[in-house]
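Please read the structure below before turning to the comments.
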Amino acid sequence: MEILGIDVGGTGIKAAMVTVETGALSAEKKRIPTPRPATPEAIAKVIQKIVKHFNWKGPVGCGFPTPLKHGKCMSGGNLHEDWKNVHVAELFKNATGNEFTVVNDADAAGIAEIYFGAGKDKKGVVIMITLGTGIGSAVFLDGKLLQNTEFGHLLNRHGESFESYAADSARKREKLSQKKWGKRLHKYFDHLNFIMSPDLIIIGGGASKRVHKFIHKIEIDTPIAPAEAENEAGIIGAAMAAKAGIS
Ligand code: BGC
């Protein structure tokens, strides 16, 4: 069975048809840069375009880069303040006519890794962290997701959120060397490790292809694994969430 998976990110909106039994993506992927300003109207137009591009009438799973509560955005995150209180699945359904399941983007990426990737069959506490425009988190206990955690918004000792301090966008914005960024990542993961005592940490998001470049800088006593689906985990997990009826 195929479901259209869409990953809405701060810089790009990516989509593909996903075979939900295997987590495989159809060869053809579509990426559209996130419109700026990233208002509800502007993003809904892109979603419309994507659904049309795949000529898809069936269910759609979508990962969305803001905290969500009962389907509504709690904040505009890295998109736009107008998202606050918008019910994302309803907006996208109205724009396209398709049924939408919308989950937080990091939760979606985590779901993909738990079903098919680095977190498969892992017991205990598994935390997925996505490093991209923001820092997203997904927490699993024995494979079951605790939705909508926001561990990118933990504060460092200067009272600044770790997201602004250590996301991939901070590395780019401040032109940090791998060494300097690695030090920041170490501080972040050390703190997360201390407060959560996880059994495994999976790193994904935009930086997942480059995990080998910085993983050795994170010196904690918990295993860390790169996301096996790399940056496609968000698309795959969104489709899986639609299949499983998680929202
Ligand atoms: C948002 C999260 C999101 C993360 C990654 C953060 O700014 O608050 O909900 O998962 O960015 O996109």
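Bear in mind these aren't lab numbers, they're just calculated from the coordinates by the rules spelled out. Remember, predicted model here, so these are calculated numbers, not experimental data. Glycine gets a Cβ as well: all are built from the backbone with ideal geometry, and neighbour counts include every protein chain shown.
Remarks
- The packing ranking, built from the mean of other Cβ atoms within 10 Å per residue, places the peptides 87-97, 120-130 in the order 120-130, 87-97, highest first.
- Cα radius of gyration and Dmax for the range 1-139 (Å): 14.5, 41
- The mean sequence distance of close C-alpha pairs (under 8 Å, at least 6 residues apart), as a share of the length of the chain, puts its relative contact order at 23 percent.
- Alpha-carbon Rg/Rh ratio, for the range 122-227, with Rh computed the Kirkwood way: 0.94
- Applying the criteria of a DSSP loop state and at most 16 other Cβ atoms within 10 Å to the trypsin sites (Lys or Arg not before Pro) of the range 47-87 yields Lys57, Lys84.
- Pairs of Cα atoms in the chain fall into 10 Å distance bins, from 0 up to the last occupied one, in shares of 8, 35, 37, 18, 3 percent.
- Charge dipole magnitude, Cβ of K and R +1, D and E -1 - the chain, Cα centre, debye nearest 20: 800 debye
- Sorting the segments 3-13, 135-145 by their residues' average number of neighbouring beta-carbon atoms within 10 angstrom, most packed first, yields 3-13, 135-145.
- Taking every C-alpha pair closer than 8 Å and separated by at least 6 residues, the mean separation divided by the residue count of the range 186-247 gives a relative contact order of 38 percent.
- Segment Lys84-His216, extension gain: residue separation times 0.36 nm, minus the distance between their alpha carbons: 43.7 nm
- Additional length obtainable on full extension of the chain from Lys57 to Ile32, 0.36 nm per residue less Cα span: 7.0 nm
- Environment charge at Arg171 (Cβ cut-off 9 Å; Lys +1, Arg +1, Asp -1, Glu -1): +3
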